[in-house]
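Accompanying notes for the structure given below.
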Amino acid sequence: MRDLHYILLALSVTFLLLPVSEVEAQLIPDNTLGKENSLVNPVNSVQRIDGGTIRGSNLFHSFQEFNIGSGKSAYFSNPGNIENILTRVTGKNSSLILGKLGVLGNANLFLINPNGIIFGENAQLDINGSFVGSTADNIKFADGREFNAVNPSANPILTINVPLGLQYKGNGGNIEVRGTATSNLKVPDKKSLALAGGNIKFDGGKLTAPAGGIDLFAVTNGEVSLVNSNGRINLKTPLGIEYGDIEFLNASNIDASGNSGGSIQVRGRNISLKGNSIISTNTDGDGFGKTLNITATELLKISASDLFADVQDNATGTGGDLVVNSKNLIVTDGSILSSSTFGLGNSGNLTIKTINLQVDNAGRIDVTTYDFGNGGNLTIETANLQVYDGAQITAIAFGKGNAGNMEIKANLVELVGFRQSSDIPLKSGLFANALQENGQGGNLNVTANRLVIRDGATINASNFLSFDPDNLLGRAGTGAAGNIDINSPFVLLENQGIITANVNAGDKGNINIQSQNLQLRKGSVISTNAKNSADGGNINIDTNTLVALENSDIAANSEGSFGGRVIINAKGILGTQFQQQLTPQSDITATSSLGASFSGVVDINTIAVDPNSGLIELPQTLTDSSQKIKAGCDATAGNNFVVSPRGGLPQSPDDLFNGSTIYTELNDVIPIQDIASDINDRNHQNYRNRLSSVENKHKNQNKNQIVEATGWVVDGKGDVVLVAKMPQHSQKSPKINSASCNDFSS
């Protein structure tokens with residue numbers, strides 16, 4: 001019973017494979033075109049397709065089934081004035097193209113089957129024009145008419161207008177291209193090959209359009225525009241269209257290379273390249289390369305595969321640009337994204353816009369020049385950039401041409417670790433180097449909210465490569481090193497993280513860092529060191545806080561010439577200081593092996609608090625003390641007085657002088673009980689009346705009796721008068737007892 005189960009399973013698997021490889025393929029016209037139906041005329045192994053409906057320069061065909069068997073061929077007749085042959089499949093099955101599909105003339109060929117299209121391993125195109133294969137519902141024309149494969153009309157009113165678009169209404173079938181290293185779907189030079197399906201899969205398949213155009217669009221709902229330019233038909237989609245997925249497997253190859261690199265567009269929701277698949281549009285002559293553009297609305301993952309828009313050996317033309325737009329981008333397993341030059345011509349630019357970019361496991365994004373041509377610029381705009389496990393982003397000059405510039409704009413940039421490759425550690429990081437002859441290094445600019453470099457990773461704009469930041473050995477050039485500009489509120493170098501613009505010869509490289517918080521930990525380095533006759537470069541750091549711990553160094557040293565210049569402006573520096581030479585501690589140096597007279601400059605400016613910032617300017621008009629100060633004695637038996645002084649109140653003659661006592665001129669003495677309310681409301685007339693009353697009482701005192709003084713009082717003129725016995729005052733008179741005068745001390 002168990003054996004029977006395996007036998008039935010094997011038979012069922014074999015049966016499932018039959019539709020692709022063994023079922024007899026058929027070309028069956030339908031009856032939707034009336035008297036102008038398509039006709040199939042077998043000639044040996046070739047099936048010639050005649051008939052159809054002619055409208056202007058368009059020839060329309062309609063089939064119920066459209067299949068080409070393995071080893072068989074199907075060719076469309078091409079009347080002399082026909083520019084476009086438009087073929088639809090109205091049945092319920094996908095089309096299997098296992099043999100050769102061709103046109104007996106120069107017309108462009110359109111094949112639409114909403115159920116799907118499969119190109120087998122031995123499928124070929126034999127046409128002189130461009131080819132469009134699609135699973136759209138219909139082809140739309142400029143006058144609004146449609147050539148519909150889902151709802152064909154028994155007597156369609158066809159048009160002489162050129163086709164403008166492919167319409168998808170949510171039912172688009174899939175397109176699959178199967179192949180081997182020798183199989184190929186190819187169009188002539190400068191022509192185009194376009195596939196538009198719900199989902200597209202390449203399993204070892206190969207498309208070739210030398211110096212032409214290749215468009216691969218996975219669309220499930222919406223309209224794709226058709227743009228015909230000199231026989232090349234390109235696809236275009238509006239915003240808001242719904243995309244499907246595209247997959248490249250098993251050494252699939254999409255190639256538009258030629259004398260001038262052609263254009264390639266790939267658009268989908270999720271796009272993946274695996275297993276040594278390649279998409280390339282290289283320039284191998286004197287032409288101007290066009291753009292390789294990959295757009296994924298969700299994820300683009302490139303694993304052990306490559307994207308190339310290069311200038312080839314001995315080519316004098318200009319390379320095309322490589323542009324990637326994706327919500328998420330992963331470059332891994334040694335994959336390469338390259339817009340480089342190996343010839344005399346300059347390479348194009350490489351631009352990436354994504355939310356999350358992850359480059360790992362020796363993946364590389366590259367705009368290198370290997371010969372006389374100049375490298376292009378590399379621009380990355382992303383929210384999060386992670387480069388680790390030996391992955392690199394490079395703009396390098398290996399030849400006499402100059403390297404391009406690299407610009408990174410991100411919220412987070414994280415560079416981590418290295419990968420051991422044979423005996424050479426492959427450092428993760430950003431590189432803008434000049435490593436051969438006279439090529440100039442490019443500038444490397446990083447703008448991020450947070451920059452982390454750790455575990456041996458690096459930002460490097462040197463003109464030599466070194467496996468050890470303290471060892472100036474490695475591949476070296478003579479051109480000028482590039483500059484590194486970093487603008488980030490938070491910068492962390494940890495566990496041998498490195499920022500370097502070292503030079504072997506030629507002009508020095510410089511490092512400029514603007515940050516609020518710069519930290520170096522565990523043997524990390526910022527350096528513009530120089531070898532041979534080169535001067536050390538400059539390091540400029542502007543930060544709120546600089547922390548360098550655990551043998552982390554900032555160095556602009558030189559082995560054979562003048563040291564560089566280190567300028568640090570910081571509010572606070574912790575863990576490091578200027579040293580004449582490197583020590584096991586954290587150091588700031590600008591030395592020369594030739595001696596102190598060749599040393600560079602270290603200028604450390606810690607911003608102190610400005611004492612003037614806390615001062616308050618006093619008013620120029622001083623307050624009248626007579627209106628503000630009151631002095632008084634302890635009250636006894638209800639007697640009180642108020643003094644508005646101009647000086648200090650003296651102690652009793654019997655007391656020692658108390659330095660804290662204030663001397664006061666008592667000009668006007670008033671009983672406090674009766675004038676308190678007057679003082680509060682500042683009734684001046686009542687105030688003067690009270691003064692007059694007190695003065696009169698003092699004048700009536702008996703001044704002729706001479707006795708021993710036992711006290712003192714103040715008269716109406718403010719003079720102190722000694723008395724033998726305190727006069728009996730009314731309730732409103734002041735009483736001053738010498739024993740209580742100490743109470744006036746302040």
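Checked against the criterion of being at positive phi and assigned by TED's automatic domain parsing to the domain that holds residue 487, the candidates 417, 399, 404, 334 yield just one match: 417. The single condition from (1) within 21 Å of residue 443 (Cα to Cα); (2) within 14 Å of the chain's Cα centre (by Cα); (3) surrounded by fewer than 22 Cβ atoms within 10 Å (Cβ to Cβ) that residue 323 fails is (2). Contact annotation: residue pairs with Cβ atoms under 7 Å, 6 or more positions apart or on different chains, pairing a residue in region 512-538 that is in a strand (DSSP E or B) with a partner that is surrounded by fewer than 22 Cβ atoms within 10 Å (Cβ to Cβ) and among the basic types (Lys, Arg), are 538/565. For region 281-302, the set of residues classified as assigned to a strand (DSSP E or B) and either crowded, with 19+ Cβ neighbours inside 10 Å or under 21 Å from the mean Cα position of the chain (by Cα) (or both) consists of 283, 292, 293, 294, 295, 296, 297, 298, 299, 300, 301, 302, listed by residue number. Put simply, of 70, 57, 38 the only residue that is surrounded by fewer than 17 Cβ atoms within 10 Å (Cβ to Cβ) and touching a Ser or Thr at 6+ places or on another chain (Cβ under 9 Å) is 70.
Is it true that residue 139 is surrounded by 17 or more Cβ atoms within 10 Å (Cβ to Cβ) and either in contact with a Gly (Cβ under 9 Å, 6 or more places away or on another chain) or at pLDDT 90 or above (or both)? Against the criterion (surrounded by 17 or more Cβ atoms within 10 Å (Cβ to Cβ) and either in contact with a Gly (Cβ under 9 Å, 6 or more places away or on another chain) or at pLDDT 90 or above (or both)), residue 139 qualifies.
One residue stands out in region 24-77 among those that are part of a strand (DSSP E or B) and β-branched (Val, Ile, Thr): the one that is nearest to residue 103 (Cα to Cα), namely 49. When 211, 218 are screened for being on the phi > 0 side of the Ramachandran plot and touching a residue at least 24 places away in the same chain (Cβ under 8 Å), only 211 passes. When region 521-555 is filtered for residues that are among the hydrophobic types (A, V, I, L, M, F, W, C) and closer than 18 Å to residue 461 by Cβ, the ones remaining, listed by number, are 525, 526, 530, 534, 539, 541, 554, 555. Residues of region 584-607 that are surrounded by fewer than 20 Cβ atoms within 10 Å (Cβ to Cβ), of a type in the set (Ser, Thr, Tyr) and either free of Cβ contacts under 8 Å to residues at least 12 places away in the same chain or touching a helix residue (DSSP H, G or I) at 6+ places or on another chain (Cβ under 8 Å) (or both): 597 alone. Tell me whether region 616-625 contains one or more residues that are at pLDDT below 90 and surrounded by 11 or more Cβ atoms within 10 Å (Cβ to Cβ). Yes, region 616-625 contains at least one residue that is at pLDDT below 90 and surrounded by 11 or more Cβ atoms within 10 Å (Cβ to Cβ). Of the strands (runs of 3 or more DSSP E) lying entirely inside region 348-391, the ones with 1 or more residues being of a type in the set (Ser, Thr, Tyr) are found at 350-360, 378-388. For region 179-222, give me each residue that is within 19 Å of residue 165 (Cβ to Cβ) and in a loop (DSSP other than H, G, I, E, B). The one that is within 19 Å of residue 165 (Cβ to Cβ) and in a loop (DSSP other than H, G, I, E, B): 198. Evaluating residue 123 against the criteria (1) out of contact with any strand residue (DSSP E or B) (no Cβ under 7 Å at 6 or more places or on another chain); (2) over 23 Å from residue 83 (Cα atoms); (3) not charged (D, E, K, R) leaves one unmet condition, (1).
The values are calculated or read from the model by the stated rules, or taken from the named source; none is laboratory data. Note that this is a predicted model, so its numbers are computed, not measured. Neighbour counts are summed over all protein chains in view; Cβ atoms, including those assigned to glycine, are modelled from backbone coordinates with ideal geometry.
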